[in-house]
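*Asks:* Have a look at this one.
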Amino acid sequence: MMRPEIGSGRRETITNICRKKMVRVFLVAFSLLTISTSTTVFAKTTIYTNGSIITMGTHNSVVEAMVVRQGKILGVGNSDALSRRYGRGASVVDLEGKTIVPGFIDAHSHFPASGAFIQGHLADLNSLPIGDVQNIEQILEKLRAQAERKKPGQWLLGMGYDDTLLPENRHPTKEELDQVSTEHPIWIYHISGHLGVANSLGLAMAGIDKDTPNPGGGVIDHDPVTGELTGLLEENAKVFMDGVVQKTDIWTAYQIAIAASKQYLAAGVTTAQSGHHDTLKTMAMMLMGNLNLLPLRLVVWTNSDVGDKRAEGRFNNFFTRIFRKSWVSLGAVKLVADGSIQGFTGHLTEPYASDFHGDSEWRGYPTLPRDELVEQVSKYHKAGLQVAIHGNGDAAIDDIIYAYRIAQKNHYREDARPLIVHSQMAREDQLDAMAELNMMPTFFGLHTYYWGDRHRDTFIGPERAERISPARSAQERGIRFSLHSDTPIVPMNPLLMVWNAVNRITSSGKVLGEKQTISVMAALRAVTIDAAWQVFEAKSRGSLEKGKLADFVVLSENPLENPKTIDRIQVMETYIGGVRRF
Ligand SMILES: [Zn+2]
């Protein structure tokens, strides 16, 4: 996502090189010891009857029965007809009226980061309704508990605190974190993931002191009166910390991935798409997929380090070549054009609704200057790669559209499917441009639920808040779009995403932007077939049709029946390739 521009230093580089070498040796050794494990074949035929099977096929048909064999769908339709045709020797599952939908396709998250909460690697610092933190003191307590388990010198890490939900209405400070420990470096992420706070030792280890200049596209925060560091680092100023959080041994990484897989499968997700992975993480995920160690399918969006290698044909596809049927595949190259609205780093054309640092004209800022964005988008587009560009504020979306227009003008591609990730503040004229250029927005729709009240009252004001994540406007233009949750930013829950897109109710129970609500079927498409389409996988998954993968979810109720209570529907079972995984 962002270039390390501060203080990582020579020691860090050497450690990285050793680490990479070790991992490479490990990967080769492990792969040589393992026989090629292509997808397990299940010869038995199973007929699911007497249900409501929402196929999400071309005509959005709802049928009674489905036949599965060898991990694929043989047919869907009428119970009697399918039983007559395939019944001999088949096992029959009576759904007793339960509903089946295609396995949910996560359109954008940061798999497997949410597993780190379970593993205790990261303290969960979320306030209600996600977590239980009520004030800054409780944040410090959670970090103290971690300090008791970790040796001096080891990092204490947390994620998810939300300054605007804390009664103190501010970020914790480095002095407060110093009260937890001066012997452990500390780093805690803001809920946006775009900023966070370090203690004094953490800042020193990142090579930051009060004279360190701001990196491009980032801010090192200072107290306006004393000029001292507050500990708060924004956007490109926290790149060093991203590396710290992601650094773990391979066994812990495996445990985190398994923990995250369990969460996703319990939510009905059968294909995850992972935010942005550097070379090491990409290789680790590919290896896990190739060895059949991952219990769900995964599309990895790579960082520009892998992107550059892919563009130049230098990325090591060794594992892909020897294990051809892996559940892990490579997707887009991820770029980041701005920050987050709730962190005041999203880049807007009109000022935020509240003053920021006393500035009533504050509009956020780009994390990549426009000319650099143009250069990077053109490079990957020309190389035939898909780009997925994070853009929240409308000024950032202007930059993204501008960059893609140039790339497409110079290197025209018929069906490149560039993604604008979040597209939160997309204006009507920008949706026109997306339709014209065949760009696809993926919306973080749950913003209306988790932050909707504060978008209206604090960040952007009622008019713009009612238009965030404008799914209806996109639909009216015939633009395909998907919905995502950016997990671990908020928990993985596709049914809550569907409920939210249909009702747009905030966590305090108020409707925000009724004009942008969509139908249940349209919302279901955005977490199944259209989310598969966005990564060129709609031929294999995303709907329940003959010949497609038997990835599906059994639900306690039919979401088409009562749009108001979709959030209460339970995922009963999750199947991948016809095999129950949850
Ligand atoms: Zn993200």
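The values are calculated or read from the model by the stated rules, or taken from the named source; none is laboratory data. Not measured: the values here are computed from a predicted model. Cβ atoms come from the backbone with ideal geometry, glycine included; neighbour counts cover every protein chain shown.
*Asks:* Give the stretch 556-582 a look and list any residue that's surrounded by 22 or more Cβ atoms within 10 Å (Cβ to Cβ) and either of a type in the set (D, E, K, R) or in a strand (DSSP E or B) (or both), or say none.
*Replies:* Thr574, Tyr575, Ile576
*Asks:* Looking at the stretch 394-405, which of the residues that are more than 16 Å from the ligand (Cβ to nearest atom) and not basic (Lys, Arg) is surrounded by the fewest Cβ atoms within 10 Å (Cβ to Cβ)? Before the answer, list the steps.
*Replies:* Let us first name the residues in the stretch 394-405 that are more than 16 Å from the ligand (Cβ to nearest atom), namely 394-395, 398-399, 401-405.
From the residues that got through so far, the ones that are not basic (Lys, Arg) too are 394-395, 398-399, 401-404.
Numbers: Asp394: 23, Ala395: 21, Asp398: 19, Asp399: 25, Ile401: 23, Tyr402: 15, Ala403: 26, Tyr404: 25.
Residue satisfying both the conditions and the ranking: Tyr402.
*Asks:* For Gln246, only one of the following conditions fails: (1) within 16 Å of the ligand (Cβ to nearest atom); (2) of a type outside the set (Ser, Thr, Tyr); (3) in contact with a strand residue (DSSP E or B) (Cβ under 8 Å, 6 or more places away or on another chain). What is its number?
*Replies:* (3)
*Asks:* Right, another one. Tell me yes or no: at least one residue of the stretch 130-137 is more than 22 Å from Ser507 (Cα to Cα), surrounded by fewer than 19 Cβ atoms within 10 Å (Cβ to Cβ) and out of contact with any Leu (no Cβ under 6 Å at 6 or more places or on another chain).
*Replies:* Within the stretch 130-137, the subset more than 22 Å from Ser507 (Cα to Cα) is 137.
Imposing the further condition that a residue be surrounded by fewer than 19 Cβ atoms within 10 Å (Cβ to Cβ) reduces the set to 137.
Then keep just the ones that are out of contact with any Leu (no Cβ under 6 Å at 6 or more places or on another chain); that gives 137.
Checked against the condition, which is being more than 22 Å from Ser507 (Cα to Cα), surrounded by fewer than 19 Cβ atoms within 10 Å (Cβ to Cβ) and out of contact with any Leu (no Cβ under 6 Å at 6 or more places or on another chain), the stretch 130-137 yields at least one hit.
For (1) modelled with pLDDT of 50 or more; (2) surrounded by fewer than 15 Cβ atoms within 10 Å (Cβ to Cβ); (3) at positive phi, each residue gets a yes or a no:
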site: Ile6; (1), (2), (3): no, no, no
site: Arg11; (1), (2), (3): no, yes, no
site: Cys18; (1), (2), (3): no, yes, no
site: Lys21; (1), (2), (3): no, yes, no
site: Thr40; (1), (2), (3): no, yes, no
site: Thr45; (1), (2), (3): yes, no, no
site: His59; (1), (2), (3): yes, yes, no
site: Gln70; (1), (2), (3): yes, no, yes
site: Val76; (1), (2), (3): yes, no, no
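*Asks:* Among the residues of the stretch 226-238, is any farther than 19 Å from Leu143 by Cβ and of a type in the set (Ser, Thr, Tyr)?
*Replies:* yes
*Asks:* What's the number of the only condition in (1) more than 16 Å from the ligand (Cβ to nearest atom); (2) part of a loop (DSSP other than H, G, I, E, B); (3) surrounded by fewer than 24 Cβ atoms within 10 Å (Cβ to Cβ) that Pro491 fails to meet?
*Replies:* Pro491 satisfies every listed condition except (1).
*Asks:* Quick one: what pairs do we get from the stretch 165-193, first residue in contact (Cβ under 8 Å) with a residue 60 or more places away in the chain and within 16 Å of the ligand (Cβ to nearest atom), second part of a loop (DSSP other than H, G, I, E, B) and of a type in the set (S, T, N, Q), C-beta under 7 Å, 6+ apart or different chains?
*Replies:* Ile191/Asn126; Ser192/Ser340
*Asks:* Restricting the stretch 97-111 to residues that are among the aliphatic types (A, V, I, L, M), touching a helix residue (DSSP H, G or I) at 6+ places or on another chain (Cβ under 9 Å) and not in a loop (DSSP other than H, G, I, E, B), which is farthest from the ligand (Cβ to nearest atom)? Walk me through it before giving the result.
*Replies:* At the first step, the residues of the stretch 97-111 found to be among the aliphatic types (A, V, I, L, M) are 100-101, 105, 107.
With the extra rule that they be touching a helix residue (DSSP H, G or I) at 6+ places or on another chain (Cβ under 9 Å), the set shrinks to 101, 105, 107.
Filter again for not in a loop (DSSP other than H, G, I, E, B), leaving 101, 105.
Working: Val101: 25, Ile105: 16 Å.
Result: Val101.
*Asks:* Would you confirm, using the coordinates I've provided, whether Leu287 is more than 21 Å from Gln534 (Cβ to Cβ), surrounded by fewer than 19 Cβ atoms within 10 Å (Cβ to Cβ), more than 18 Å from the chain's Cα centre (by Cα) and away from the ligand (no atom under 16 Å from the Cβ)? Show your work before the answer.
*Replies:* Numbers: more than 21 Å from Gln534 (Cβ to Cβ): yes; surrounded by fewer than 19 Cβ atoms within 10 Å (Cβ to Cβ): no; more than 18 Å from the chain's Cα centre (by Cα): yes; away from the ligand (no atom under 16 Å from the Cβ): yes.
Considered against the rule, which asks whether it is more than 21 Å from Gln534 (Cβ to Cβ), surrounded by fewer than 19 Cβ atoms within 10 Å (Cβ to Cβ), more than 18 Å from the chain's Cα centre (by Cα) and away from the ligand (no atom under 16 Å from the Cβ), Leu287 comes out as no.
*Asks:* Looking at (1) surrounded by fewer than 24 Cβ atoms within 10 Å (Cβ to Cβ); (2) at pLDDT below 85, which is the one condition that is false for Glu312?
*Replies:* Evaluating Glu312 over (1) surrounded by fewer than 24 Cβ atoms within 10 Å (Cβ to Cβ); (2) at pLDDT below 85 leaves (2) as the failure.
*Asks:* Let me confirm something: among Gly445, Gly509, Gly478, which residue is within 16 Å of the ligand (Cβ to nearest atom) and either within 21 Å of the chain's Cα centre (by Cα) or not in a helix (DSSP H, G or I) (or both)? Lay out the reasoning, then the answer.
*Replies:* Numbers: Gly509 fails: within 16 Å of the ligand (Cβ to nearest atom); Gly478 fails: within 16 Å of the ligand (Cβ to nearest atom).
Unique residue meeting the criteria: Gly445.
*Asks:* Testing Thr367 on (1) more than 25 Å from the chain's Cα centre (by Cα); (2) of a type in the set (Ser, Thr, Tyr); (3) within 16 Å of the ligand (Cβ to nearest atom), one condition comes back false. Which one is that?
*Replies:* Failed condition: (1).
*Asks:* Here's something else I'd like to know. Just give me the residues in the stretch 406-432 being within 16 Å of the ligand (Cβ to nearest atom), outside any strand (DSSP E or B) and either among the charged types (D, E, K, R) or in contact with a Pro (Cβ under 8 Å, 6 or more places away or on another chain) (or both), in sequence order.
*Replies:* Ser423 - this is the single residue of the stretch 406-432 that is within 16 Å of the ligand (Cβ to nearest atom), outside any strand (DSSP E or B) and either among the charged types (D, E, K, R) or in contact with a Pro (Cβ under 8 Å, 6 or more places away or on another chain) (or both).
*Asks:* Select from the stretch 153-176 the residues that are assigned to a loop (DSSP other than H, G, I, E, B) and within 18 Å of His121 (Cβ to Cβ) and list them in ascending order.
*Replies:* Hits for the stretch 153-176 are Gly153, Gln154, Trp155.
*Asks:* Any chance you could count how many residues in the stretch 105-146 are farther than 22 Å from Gly193 by Cβ and either touching a residue at least 60 places away in the same chain (Cβ under 8 Å) or among the basic types (Lys, Arg) (or both)?
*Replies:* So in the stretch 105-146, the residues farther than 22 Å from Gly193 by Cβ come out as 137, 141, 144-145.
After this cut, where a residue has to be either touching a residue at least 60 places away in the same chain (Cβ under 8 Å) or among the basic types (Lys, Arg) (or both) as well, the list is 144.
Qualifying residue count, the stretch 105-146: 1.
*Asks:* Something else: What tally of residues in the stretch 94-129 results from selecting those that are buried (at least 16 other Cβ atoms within 10 Å of the Cβ) and under 30 Å from Trp533 (Cα atoms)? Break it down stepwise before answering.
*Replies:* Looking only at the stretch 94-129, we keep the residues that are buried (at least 16 other Cβ atoms within 10 Å of the Cβ), and these are 95, 98-119, 121-127.
From what's left, under 30 Å from Trp533 (Cα atoms): 95, 98-116.
Counting residues in the stretch 94-129 that are buried (at least 16 other Cβ atoms within 10 Å of the Cβ) and under 30 Å from Trp533 (Cα atoms) gives 20.
*Asks:* Among what's in the stretch 117-146 and is in contact with a helix residue (DSSP H, G or I) (Cβ under 6 Å, 6 or more places away or on another chain) and outside any strand (DSSP E or B), pick the residue that is farthest from the ligand (Cβ to nearest atom).
*Replies:* Within the stretch 117-146, the match that is farthest from the ligand (Cβ to nearest atom) is Arg144.
*Asks:* Looking at this structure, is Leu128 at pLDDT below 95, under 22 Å from Thr282 (Cα atoms) and among the aliphatic types (A, V, I, L, M)? Give the steps one after another, and end with the answer.
*Replies:* Values: at pLDDT below 95: yes; under 22 Å from Thr282 (Cα atoms): no; among the aliphatic types (A, V, I, L, M): yes.
Considered against the rule, which asks whether it is at pLDDT below 95, under 22 Å from Thr282 (Cα atoms) and among the aliphatic types (A, V, I, L, M), Leu128 comes out as no.
*Asks:* Right, another one. Scanning for something of a type in the set (A, V, I, L, M, F, W, C), assigned to a helix (DSSP H, G or I), within 16 Å of the ligand (Cβ to nearest atom) and touching a residue at least 12 places away in the same chain (Cβ under 8 Å), does the stretch 78-91 turn up at least one residue? Show your work before the answer.
*Replies:* Within the stretch 78-91, the first condition is being of a type in the set (A, V, I, L, M, F, W, C), and the residues that meet it are 81-82, 90.
With assigned to a helix (DSSP H, G or I) added as a condition, the list becomes 81-82.
Next, from what is left, pick out any that are within 16 Å of the ligand (Cβ to nearest atom): none.
No, the stretch 78-91 has no match at all.
*Asks:* Same structure again: Can you tell me which condition Lys238 does not meet? The list is (1) free of Cβ contacts under 8 Å to residues at least 60 places away in the same chain; (2) over 22 Å from Gln386 (Cβ atoms); (3) away from the ligand (no atom under 16 Å from the Cβ), and all the others hold.
*Replies:* Failing condition for Lys238: (3).
*Asks:* Can you name the number of the only condition in (1) within 16 Å of the ligand (Cβ to nearest atom); (2) touching a strand residue (DSSP E or B) at 6+ places or on another chain (Cβ under 9 Å) that Ser114 fails?
*Replies:* Checking Ser114 against (1) within 16 Å of the ligand (Cβ to nearest atom); (2) touching a strand residue (DSSP E or B) at 6+ places or on another chain (Cβ under 9 Å), the one that fails is (2).
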